[in-house]
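Novice: I'd like to ask some things about the structure below.
The values are calculated or read from the model by the stated rules, or taken from the named source; none is laboratory data. Given the structure is predicted, the values throughout are model-derived calculations rather than measurements. When we count neighbours, we look across all protein chains shown, and the Cβ atoms used for this are built from the backbone with ideal geometry, even at glycine. Heavy atoms of the whole protein, side chains included, go into the accessibility calculation; ligands, DNA and RNA do not. Shrake-Rupley method; radii C 1.70, N 1.55, O 1.52, S 1.80 Å.
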Amino acid sequence: MTPPPENLSQRIGEDVRDTAVQRLQKAYTEGHLSHEELDERLDRVLTATSQSELDSALAILPEEPAGVTSTIAAAGGRIRRRGAWRVPRVLRVESAVGRVHLDLSRAIIEYPVVDIELQVGTGRAKITVPRNATVDIENLATGWKDALYRTPRRSRADGPTIRISGAMGYGRLRVRHAWR
C-alpha cells in the first residue's frame, strides 16, 4: 500500500529552495561545512519536495540573522524613499498625518522576502514595487478605504516577495508594479 500524498500546502517553492542553497553556500564559506557535507546537503535541498525534508538538510546550521529592521516615522508631512536606496529586511513606516511614498523599483533589495509594516493614521500610502516582485497585502487592515492592488497580467515570480502588513486608518494604500 502506498502512503497518502503529502499535503500540497507543505510543498516548497523555488524561492524557499534558493534561500536554502544560499544558506548552505554561506555556511560552507564560513567554514561550518566541509566540501563533502556541502555536496550531500545541496543534493538533499535540490531534491526535497517538502518543508520537513528541507529542514533536515539545513539542520545544525548556524541561525540565519533576521536582517535589519528600520523604522521611518513622521508625525506629519511626507515620507518618501526613491532611487537607489537599500531596503532592509523589515521596514516599519509610521505616519500620523501625511503621505507615504516608497519606490522600490530602483532600490537595492538583498532579501528574497521584505516585510513592510505600515502604521498610517490619516493620509495616503503609495508603494511601487519592482516589475518581477510578488506582493502580499493579506495582513493589512484598512479602516476607511480598501487597498488598491492588481496583480500584473504577465507576472514573473523571480523577484522578491513584498509582504505589506499593518493598519491604514483614514486613507488608502496603492500598490503598483514598475514599468521597467
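Novice: Counting only residues that are open to solvent by 30 Å² or more (accessible area, probe 1.4 Å) and in a loop (DSSP other than H, G, I, E, B), which one in the range 84-121 is nearest to ARG172 (Cα to Cα)?
Specialist: Only one residue fits best here, namely SER105.
Novice: If you don't mind, another one. For the range 126-140, what are the residues that are open to solvent by less than 60 Å² (accessible area, probe 1.4 Å), assigned to a strand (DSSP E or B) and either farther than 26 Å from VAL21 by Cβ or touching an Asp or Glu at 6+ places or on another chain (Cβ under 6 Å) (or both)?
Specialist: ILE127, THR128, ILE137, LEU140
Novice: Name the single residue that is farthest from ARG23 (Cα to Cα) among those in the range 94-125 being acidic (Asp, Glu) and over 14 Å from the mean Cα position of the chain (by Cα).
Specialist: Per the stated criteria, the residue is GLU94.
Novice: Kindly list the number of the only condition in (1) surrounded by fewer than 17 Cβ atoms within 10 Å (Cβ to Cβ); (2) touching a residue at least 40 places away in the same chain (Cβ under 8 Å) that fails for GLY143.
Specialist: Failed condition: (2).
Novice: Look through THR134, THR142, THR161, THR128 and report the one residue that is farther than 21 Å from THR69 by Cα and polar (S, T, N, Q).
Specialist: THR142
Novice: If I go through the range 124-150 residue by residue, how many of them are closer than 13 Å to MET168 by Cβ and either among the hydroxyl-bearing types (Ser, Thr, Tyr) or at pLDDT 90 or above (or both)?
Specialist: Residues in the range 124-150 being closer than 13 Å to MET168 by Cβ and either among the hydroxyl-bearing types (Ser, Thr, Tyr) or at pLDDT 90 or above (or both): 10 in total.
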